[in-house]
Amino acid sequence: MSTGKENLSLYLKELRLINNMTLRDVEEATKKAVSNSYLSQLETGQITKPSPHILQELAKTYGVPYEDIMVVAGYMKAANTKRGGVVFYNRQDITDEEKATLLNYLQFIRSTKLKSKNNEK
Amino acid sequence: MKNDDSSLLPDQLDNIKSHVQKLLYKADALGELPTPVDQLVRSANLHVNEDFVLVNDYKMIRNFTSRIEKVARPSIHGIKKLLGLLHVPSGEILIDHLQHKNKKTFIKLHEAGHGFLPHQRLVYEIMEDGELELDPDIEELFEHEANNFASEALFQLDKYEKMAADYTISIKTPIDLSKKFGSSVYASTRRYVQTHFSPLALGIYNKIEDVSLAPWFCFTTSSYAFSDFS
């Protein structure tokens, strides 16, 4: 069975060929953010964990959704818990249950503050 | 020893530095000391909501817990652990206002990193509908990137390193420089040791009151062979 990592190299090569681009074309299009030698290693599976910022450059260049490449790379997957576009900065790790509580708490303080602002008016 | 919270591959660090430089230019703040943090936050199209105390508003937490206790006993430990957060779609930053002024500066810049780095902002926008989530390793990488973003912005890329080179090697140097850069002594000392041209090593014994954190931090210049103090 193939894994996301094995698929990524084939997927990226396929995207480049569909766009009728050479390795050097991609290097130019990304303003050297993705060098031709780096992309070659990526497409041949010699590099298996490219940085997300490289994948974002490639998604932009190939005109595909960034999340598609992130999913194939195994960096994103179907969600177990909803995050609502919120990034938490904690002094220690937090559990999924704590994240859910934090989101509820955030909604609660928003609605409380909104109510008090409306009352002031 | 405390887990590493900032290591990046060279290409990842270069990418962070180039985005910090873009933001410093955009905010017309390149070389300005201390870094005008609020100006940077605004230039990143973000804003700090000063209305929310967030963490230490105990009345609010009590109201919250009493309201949802009827449904399920909530775990409020997560709230107590929170230093700040960024709601990416609205660009709103909330921070724990009871933190020290210099710590708040770092938190704002850390959150600005999440909101300004395009490959991160897009991911968090995608995650808003709740269908996809990040792999934990990538989530950790994004935290490292945000820490580096904050440090590079606070210390104005290589400006700190250049200034430090003109001072005598001493623990007093990062303390003096922290005042110029508006950083905490901790952040300044860490930066000093990690970027100095001479091989330096620093061990920091963490405050004992927070028993859940391991006590040792160790930072070295790249030329210093890493030693495991654990």
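Computed from the coordinates by the stated procedures, all read-outs in this text should not be read as laboratory data. No experiment lies behind these values; they were computed from the predicted model shown. Here the Cβ positions follow ideal geometry from the backbone for every residue, glycine too, while neighbour counts run over all protein chains shown.
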Practice problem: Would you order B:Tyr25, B:Tyr167 from fewest to most other beta-carbon atoms within 10 Å of each residue's own beta-carbon? | Solution: B:Tyr25, B:Tyr167
Practice problem: Starting from the Cα of B:His100, step 7 Å along the direction of its Cβ; do the same at A:Lys77; then give the gap between the two resulting points in nm. | Solution: 4.0
Quiz item: What average count of beta carbons from other chains do you get within 10 Å of the Cβ of residues in A:42-51?
Solution: 1
Exercise. Past 18 Å, Cα to Cα, is the threshold; run B:Lys101/B:Lys179; B:Lys103/B:Lys172; A:Lys13/A:Lys49 against it and keep the listed order.
Key: B:Lys103/B:Lys172
Practice problem: Quick one: plug the Kirkwood hydrodynamic radius of chain A (C-alpha pairs) into Stokes-Einstein at 20 °C, 1.002 mPa s, and report D in µm²/s. | Solution: 124
Quiz item: In what order do B:Thr105, A:Thr48 fall by count of nearby beta-carbon atoms within 10 Å, going from fewest to most?
Solution: A:Thr48, B:Thr105
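Over chain A, calculate the relative contact order: mean separation of alpha carbon pairs under 8 Å at least 6 apart, over the residue count, as a percent.
23 percent.
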Quiz item: Under 5 Å between amide H atoms, partner at least 5 residues away or on a different chain: which partners does A:Ala79 have, H built in plane at 1.01 Å?
Solution: B:Leu132, B:Glu133
Exercise. Determine, for each peptide in B:171-181, B:120-130, B:140-150, the mean count of other beta carbons within 10 angstrom over its residues, then list the peptides with the highest first.
Key: B:140-150, B:120-130, B:171-181
Self-check item: When each of A:Lys32/A:Lys99; A:Lys99/B:Lys162; B:Lys104/B:Lys159 is checked by Cα-Cα distance, pairs over 30 Å
Solution: A:Lys32/A:Lys99; A:Lys99/B:Lys162
Exercise. Give me a single rounded figure for B:114-124: the average over its residues of other chain Cβ atoms within 10 Å of their Cβ.
Key: 5
Quiz prompt | Mean Cβ neighbour count within 10 Å, used as a protection proxy, ranking B:185-193, B:27-35 highest first | solution = B:185-193, B:27-35
Quiz prompt | Average beta-carbon neighbours from other chains, 10 Å sphere, peptide B:128-138 | solution = 6
